[in-house]
Each structure stands twice: as C-alpha cells, then as structure tokens.
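Have a look at the structure below, then the notes.
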C-alpha cells in the first residue's frame with residue numbers, strides 16, 4: 001500500500017510539472033482570460049489550469065481506484081459496487097465534470113445546459129447508491145443528495161473569483177477529509193482526498209496572487225464534485241453521532257457554502273440573476289473593507305482552517321457536547337455574513353427586488369432595521385449561553401440527567417431574558433456608536449435577565465434540581481456574548497474605515513481631546529480625503545503611546561525627521577489658539593511655509609442661527 005504522504009507528493013509534483021506546460025500551451029493558443037469590468041484580474045492570464053489539476057489527480061486515482069464490480073453494476077445489473085468503489089465513482093464523476101468544464105471553457109455553454117450536465121453526473125452517483133443518509137425517507141434523502149452534489153460543485157465554481165481562492169479553500173477541505181477518514185479508520189476515500197489536496201497545492205504555486213494561470217471551469221467543477229463526494233463518503237462511513245453526520249461535511253466546506261448562500265441571496269434580492277458573474281463575492285467584499293487581495297484570500301483560508309478544526313472536534317465528541325462547538329462557529333460566521341452583506345457593492349438603484357417595479361428596496365431596509373436581526377441573533381445567544389452553562393457546570397454523566405431539565409426550562413429562560421432586554425432598552429441603540437453607556441446597559445440587561453430567570457425558575461420548579469452556580473455562569477456568558485456581538489460590529493466598522501482611508505498624508509499636532517475628535521472625523525468622513533499617519537505633541541511623556549490606534553510619533557522638535565520619514569503633505573492643529581499656544585502655532589506656520597505644506601486648524605463652532 002502506498003503511504004499517504006507519497007500519494008500527496010505524487011499529485012503535488014505532477015501538478016507542479018504539468019501546470020507550466022499547460023500555461024505555455026494556453027498562451028500559444030491564446031487560451032487567455034482578458035480583463036473585463038466584472039472580473040477581478042487586471043492583466044491577461046492563461047486559462048485551462050484545470051487540465052493540470054485533473055491530470056495530476058485523475059490519472060493516479062484511475063490507477064489506484066478499485067473498479068471491481070463497478071462497471072458490472074452499471075451495465076450488467078449484478079448488484080451494488082463494493083465499498084472501495086468510492087474512489088472509482090469519484091474518478092468517473094470527476095472525469096465527467098472535467099469534460100463538461102472543458103466544453104464550457106471553450107464554447108461558453110448556457111448556464112442551464114451546464115446545470116443539466118451536473119444533474120446527470122449527480123444522478124449517476126445516486127444511481128450507484130451514494131447518499132447523504134440525512135433522512136430516513138429514501139426519496140427525500142436522494143433528492144437532498146442530488147442537491148448537495150450540484151450545490152457544492154457550483155459553490156466551488158463560484159468562489160473561483162480571486163487568485164488562489166478556489167484552489168486554496170479546496171486544498172484545505174481535502175486535507176480535512178483525508179484526516180477525518182484516517183482518524184476514523186476509513187481507508188476508502190483517503191487516496192482521492194490526498195490526491196486532490198496534492199494537486200491543488202501544486203497548482204497554488206502558480207495560482208496564488210499574482211496568478212499566472214487560472215483553472216477555469218474544467219478545474220473548479222472537478223474540485224467541487226470531488227469534495228461533494230468526499231462529504232457523502234464521510235456520512236456513509238461515519239461512526240460519530242447525528243450532529244457529526246449533519247455538521248461535519250458542512251463545516252469542512254463552510255467557506256464555499258457561506259459564499260454561495262450570501263451571493264445568491266443578495267443577487268436575487270437586488271434583482272440580479274444568480275448565475276450572473278460579478279464582483280460581489282465574499283472575497284470582493286473583504287477587499288472593499290480594506291484588505292488586499294492576498295489578505296482577503298488568506299482570511300478565507302483562516303475561516304476554512306478554523307471551521308475544519310471545529311469539524312474535527314465534532315467528529316470526536318459526543319452529540320450532547322457538539323453544540324458547544326457548532327453554535328459559536330455558526331454565530332461567528334453569521335455575524336461576519338451580516339456585516340459584509342451591508343457593504344455597498346451594486347449601484348443604489350439595484351437595491352430592490354425587481355429594479356423595474358415599485359417594490360421596497362429590501363436590502364436597504366434590512367441594513368437600517370438591524371434590530372430585527374439582533375432579536376434573532378439574541379435568541380440564539382440566550383439559548384446557547386444557557387446550554388453551555390449546563391455543559392460547564394455538570395460532568396458528562398450528570399449532563400445526561402440535567403439535559404431534560406435544560407429543555408423543559410429553556411422556553412421560560414428565553415422569555416424572561418427578552419422581557420429584561422426590552423425593559424432595559426437593549427434594542428434602542430446603534431451598533432456603530434456603541435459607547436461606555438451602552439456597555440453598562442448590556443450589563444444591566446443581563447443582570448436583570450438573570451434575576452427574572454431565577455425568579456421564574458423558583459416559581460415554576462421551586463428551584464428543585466437547579467444549581468445556583470449555573471446561573472452565575474449563565475450571567476457571565478450572556479453578558480460576554482452581548483458585549484462581544486455588539487462590539488464586533490463596532491470594531492469591524494472602525495477597522496474598515498481605517499483600512500480604506502486614502503488621500504493626502506497628514507500629521508495631527510496635539511494628542512489631546514481635540515486631536516481625538518479630529519481623528520474620528522477624518523476616519524469616519526472620507527470626503528475629507530485625508531490619511532493621518534499619527535500625532536505629534538509637545539508633551540514628551542506621550543511619545544510612543546497610541547491614541548485611537550494611531551501612534552504619537554514625537555514632539556514638534558521631531559517634525560523634520562518625521563517629515564523625511566513619512567512624507568506627509570499637511571499638518572492639522574487640533575488645539576485652540578491662546579497666549580500659551582501661539583508660539584507653537586507660529587512654529588508650525590514657519591515649518592509648513594518652508595516645506596510648502598498646508599496648515600489647517602480644527603475647531604468646533606456653535607453658530608447662532610438667525611430666526612428672522
């Protein structure tokens with residue numbers, strides 16, 4: 001038997017060698033993607049990298065796969081294939097997807113035609129007996145399996161929108177599937193997973209930003225189909241609990257699933273065709289937030305790695321403990337999706353269900369009516385914090401008894417906490433302008449919610465079989481989750497505002513209250529076109545510290561050195577004119593005049609308006 005590392009190296013080295021050859025041929029034959037308005041690349045780039053991916057993975061897999069009984073099942077009707085046929089099935093399906101992708105890359109077939117081809121390949125897999133086993137109904141399970149194969153295949157086709165994204169996310173998922181099979185003692189499927197991971201790792205050598213070759217549909221369809229089948233093989237061979245059966249394949253493929261749901265939903269709501277390409281994917285929105293292309297792709301790699309780790313944990317723990325991993329991951333990704341969905345990607349006129357009809361602009365409505373989203377979010381937070389309190393308070397053996405108590409008391413807990421949140425005013429604030437007063441509001445709301453909960457439990461159950469420590473843990477978790485979810489939006493918005501700042505570099509003179517207010521105005525109002533590099537202040541004690549994340553670079557005596565180092569074009573004075581400060585202002589005038597810089601002073605003026 002070939003060692004796993006050797007299987008990985010075979011496809012890796014094969015793809016490293018084959019990709020330059022395919023790239024050379026593509027350039028010679030003008031199989032090149034030229035920059036267009038709705039695509040991300042800026043220079044002509046070779047296509048057909050999927051040929052190298054398929055050959056590096058498909059040829060070794062075709063040699064290693066066990067086809068005994070496979071063709072007899074299709075053509076001879078002699079019964080189901082043997083267990084090793086998963087590798088054979090993946091090879092057959094991936095080959096069909098490769099042919100379909102090649103045809104699409106050359107002929108640009110219509111989306112519905114390509115979809116029919118994918119459905120036919122998926123139907124062949126279900127005919128061979130592969131199913132997700134998510135439902136007892138054979139009919140329902142077959143239909144959901146068809147949807148899974150076609151959906152995941154298209155999901156990887158959709159995330160092939162930025163250098164290295166599809167290949168990297170696919171490689172991470174394939175590695176996790178290989179590890180899941182290895183740790184579960186399932187040898188079938190490991191070769192396909194490792195060959196896929198190796199070929200994608202080799203392709204990334206040439207596809208990571210700046211990419212010299214794209215994979216095209218002949219690559220992305222093969223990747224998506226293979227990973228969809230590996231997910232099905234996991235559900236067929238898994239000996240873990242029901243939560244792992246449903247959750248693990250989804251978590252391993254979370255990046256592609258999340259992007260597909262987000263993009264499809266927003267396109268439909270904005271009156272665009274879901275099949276229409278565009279610069280509105282998760283990766284593009286991250287760039288809009290201020291990430292570079294590489295940073296956006298690496299961020300999504302990180303999401304895939306974290307989600308995969310969660311899948312590994314769920315695979316190895318019991319069903320009752322799985323929500324402690326699944327729910328935080330789901331809430332975190334939901335918060336990320338809610339935030340990036342608000343970013344303006346399309347023109348404002350496109351933010352409606354149908355642009356040619358008088359419907360309410362739904363996306364804009366959802367953007368401004370965020371409190372509705374918060375109510376649903378808090379519903380999950382309340383239930384999760386109460387559940388996790390039980391898991392932390394009681395051992396595994398004890399939790400089996402207390403789980404019934406948890407389920408019976410959960411509705412009362414949710415009702416009490418929502419009443420407290422409403423009374424205190426949790427839903428009256430604005431996410432973006434969260435302040436210290438809001439922090440105290442959330443603490444008061446969580447405290448009152450716990451008191452209401454204890455009173456209700458005492459009244460309903462006489463506090464029998466309940467633990468006082470349980471509600472202390474629940475209070476801590478609820479408070480932390482309230483502050484964390486609200487604070488995450490404030491942090492994300494501030495991060496985006498700072499990352500996307502552009503314009504003339506400037507230094508702020510005065511690191512006091514006026515400097516802080518001026519910095520907030522610059523960061524939150526991009527119409528000024530100012531990019532602050534930091535502060536200077538006459539108090540040497542402040543040097544080296546930071547104000548609102550920006551460094552205090554030195555005193556005015558250091559300004560010559562700082563001008564040479566940072567090359568700023570403006571100086572902003574943030575303190576008021578006075579006898580004490582006139583000398584500093586005069587020195588700033590002389591410096592700016594000598595170097596040809598602009599000098600501006602920040603002030604807040606309350607002007608009386610004539611009512612006549």
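Readers should treat all values here as calculations from the given coordinates under stated rules, not as data from a laboratory. Everything numeric in this text was worked out from a predicted model, so none of it was measured. Note: ideal-geometry Cβ built from the backbone for every residue, glycine included; neighbour counts use all protein chains shown.
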Checklist entry - Applying 1/(1 + (r/R0)^6) with R0 = 45 Å to the Cβ-Cβ distance of residue 560 and residue 34, what FRET efficiency is obtained, to the nearest 0.05? => result 0.40
Checklist entry - On a 0 to 90 degree scale, rounded to 10, what angle separates helix 396-424 from the longest Cα axis of the chain? => result 40
Next on the checklist: Need the C-alpha centroid separation for region 512-533 versus region 405-444, integer Å.
Outcome noted: 33
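I'm checking a number: the convex hull volume of the Cα atoms of region 370-497, normalised per residue, in Å³. What is it? Walk me through the numbers before you get to the answer.
Details: hull volume 13.1 nm³, N = 128.
So the per-residue Cα hull volume is 102 Å³.
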Checklist entry - Convex hull over the Cα atoms of the chain, averaged projected area in nm²? => result 38.6
Checklist entry - If you bin every alpha carbon distance in region 432-477 into 10 Å steps from zero, what whole percent lands in each bin? => result 25, 44, 20, 10, 1
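Looking at the square roots a ≥ b ≥ c of the eigenvalues of the Cα gyration tensor of region 93-179, which shape do they give, rounded for a/c under 1.5, prolate if a/b is larger than b/c, or oblate? Show your work: numbers first, answer last.
On the way: a/c = 2.18, a/b = 1.24, b/c = 1.76.
Note, shape of region 93-179 comes out oblate.
Sorted from fewest to most neighbouring beta carbons within 10 Å, what does the list 417, 505, 404 look like? Don't jump to the answer; show the numbers that get you there.
Values: 417 27, 505 14, 404 10.
The most exposed by this proxy come first: 404, 505, 417.
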Checklist outcome for this item: Between the Cα axis of helix 513-524 and the main Cα principal axis of the chain, the angle (0 to 90°, nearest 10) is 40
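Got the relative contact order for region 4-267 handy, in percent, Cα pairs under 8 Å and 6 or more residues apart?
Value for region 4-267: 30 percent.
Using the number of other C-beta atoms within 10 angstrom as an exposure proxy, rank 147, 177 with the fewest first. Can you show the working numbers first?
Details: 147 13, 177 30.
Result, fewest neighbours first: 147, 177.
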Checklist outcome for this item: Note to self: C-alpha centroids of region 217-257 and region 306-338 sit apart, in Å, by 15
Checklist outcome for this item: Using alpha-carbon positions, the gyration tensor of region 503-601 gives root eigenvalues a ≥ b ≥ c; with a/c under 1.5 called rounded, otherwise prolate if a/b exceeds b/c, else oblate, the class is rounded
Checklist entry - Is region 93-142 best put as rounded, prolate or oblate by its Cα gyration tensor, with a ≥ b ≥ c the root eigenvalues, rounded for a/c under 1.5, and otherwise prolate when a/b is larger than b/c, oblate when not? => result prolate
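Hey, what number do you get for the chain at 222 nm if only DSSP H runs of n ≥ 4 count, each worth -39500 (n - 2.57), divided across all residues, to the nearest 500? Intermediate results must be reported in sequence, preceding the final value.
Working: 21 runs with 389 residues, N = 612.
Only helices count here, giving -21500 deg cm²/dmol.
Give me 233, 595 sorted ascending by neighbouring Cβ count inside 10 Å, so fewest comes first.
Working: 233 25, 595 13.
Placing the least packed residue first, the sequence is 595, 233.
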Item to check | Sites residue 578 and residue 116 - FRET efficiency at Förster radius 60 Å, r taken between beta-carbons, to 0.05 | outcome: 0.20
Checklist entry - When DSSP beta bridges are limited to those with both residues in the chain, what percentage is antiparallel, rounded to the nearest 5? => result 20
Checklist entry - If one takes the longest principal axis of the Cα atoms in the chain, at what angle in degrees, from 0 to 90 and to the nearest 10, does the Cα axis of helix 217-237 lie? => result 70
Next on the checklist: Just want to confirm a number: the relative contact order over the chain, from Cα pairs under 8 angstrom separated by 6+ residues, in percent.
Outcome noted: 11
Checklist entry - What is the distance in Å between the Cα centres of region 133-155 and region 559-596? => result 67
Next on the checklist: Need the full-extension length gain, residue 444 to residue 463, defined as separation in residues times 0.36 nm minus the C-alpha distance. One decimal, nm.
Outcome noted: 4.5 nm
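Could you quote the convex hull projected area for region 4-267, Cα atoms only and averaged over all directions, in nm²? Don't skip to the end; give the middle numbers.
Working: hull surface 56.0 nm².
Averaged projected area of region 4-267's Cα convex hull equals 14.0 nm².
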